Amino acid sequence: KAYLTGTGNLNLQATTRGTDNGQWLKNLEGQMALELRNGRIENIDVVGQLRRGYAQLRALDPGTAPAEGTEFTEIKAGMAMQGPIWRNEDLLLTSPLLRMNGKGQVDVSRQQLDFQVLATLLGTGVASGDRLLGNLVDMPVPIRIDGPWASPSVRPDLKAIAEGKARERLEKEKDKLE
């Protein structure tokens, strides 16, 4: 199954040795740069998880069912490959709804993800008309994405959402007092 789709470029500079796939992966060393456009990441629904996280924080009904994926306009990532562990320090995803920056790693042999990203909803598209997502526009939210790449866990930091909203209210009150 394709977990990542799009059109773009893959630049791979790597060396390995061995007599089978297991040895090749174990001895792999190199760099990879990925740039994709107009695609989708399956099984990672960032916008849906932000909606559910905010609804949970406010004890509200999250509404619509998850999209089960995240569509993007562009995704860029560089990977340092050391055996089956591939590390990323510069993940960037853009879409009409969302901007994400992050870092993490992929364990290719175990098919596991471990990423920390900062997601910011933009005031366009569905976010502007969504009663829950509208409250999160332009507020960066830390998200943890980990587990098997076939069904990863996507967890927004609910505490960060609450603190961001509290800071926003405090700034408004401060402006009123001034």
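Values for this structure:
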| item | result |
| --- | --- |
| HN-Hα J in Hz across the range 71-80 - Karplus 6.51, -1.76, 1.60, θ = phi - 60°, x for Gly and Pro | 7, 9, 8, 8, 9, 10, 7, x, 10, 9 |
| Shape metrics for the range 22-78, restricted to C-alpha atoms - Rg then Dmax, Å | 17.3, 51 |
| Global size of the chain as Cα Rg and Dmax, reported in angstrom | 18.7, 72 |
| Computed E for Ser109/Ala160 - FRET, C-beta separation, R0 41 angstrom, nearest 0.05 | 0.80 |
| For the range 1-54, alpha-carbon Rg relative to the globular expectation (2.2 N^0.38 Å, N residues) | 1.65 |
| Ordering of 21-27, 47-53 by packing [mean C-beta count within 10 Å, highest first] | 47-53, 21-27 |
| The chain, helix-only ellipticity at 222 nm - DSSP H runs n ≥ 4, -39,500 (n - 2.57), divided by all residues, nearest 500 | -7000 deg cm²/dmol |
| Span from the the range 161-178 Cα centroid across to the the range 130-160 one, whole angstrom | 22 Å |
| 16 Å Cα-Cα reach of Lys26 towards aspartates and glutamates, excluding residues that sit fewer than 8 places from it in its own chain | Asp107 |
| Net length gained if the chain between Glu173 and Asp138 were fully extended (0.36 nm per residue, minus Cα distance) | 10.7 nm |
| Å² per residue, accessible surface of the range 79-178 at 1.4 Å | 56 Å² |
| Highest-MSF residue in the chain out of Ile143, Ile75, Ile41 [GNM, Cα springs under 10 Å] | Ile41 |
| ³J(HN,Hα), Karplus 6.51/-1.76/1.60, whole Hz, each residue of the range 46-51, x for Gly, Pro | 5, 5, x, 6, 5, 4 |
| The chain: most fluctuating residue of Gln105, Gln13, Gln31 per GNM, C-alpha cutoff 10 Å | Gln13 |
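The values are calculated or read from the model by the stated rules, or taken from the named source; none is laboratory data. In this text, all values refer to a predicted model and were calculated from it rather than measured experimentally. As a convention, Cβ positions derive from the backbone with ideal geometry for all residues, glycine included, and neighbour counts pool all protein chains shown. With ligands, DNA and RNA removed, areas are computed over all heavy atoms of the protein, side chains included. Shrake-Rupley method; radii C 1.70, N 1.55, O 1.52, S 1.80 Å.
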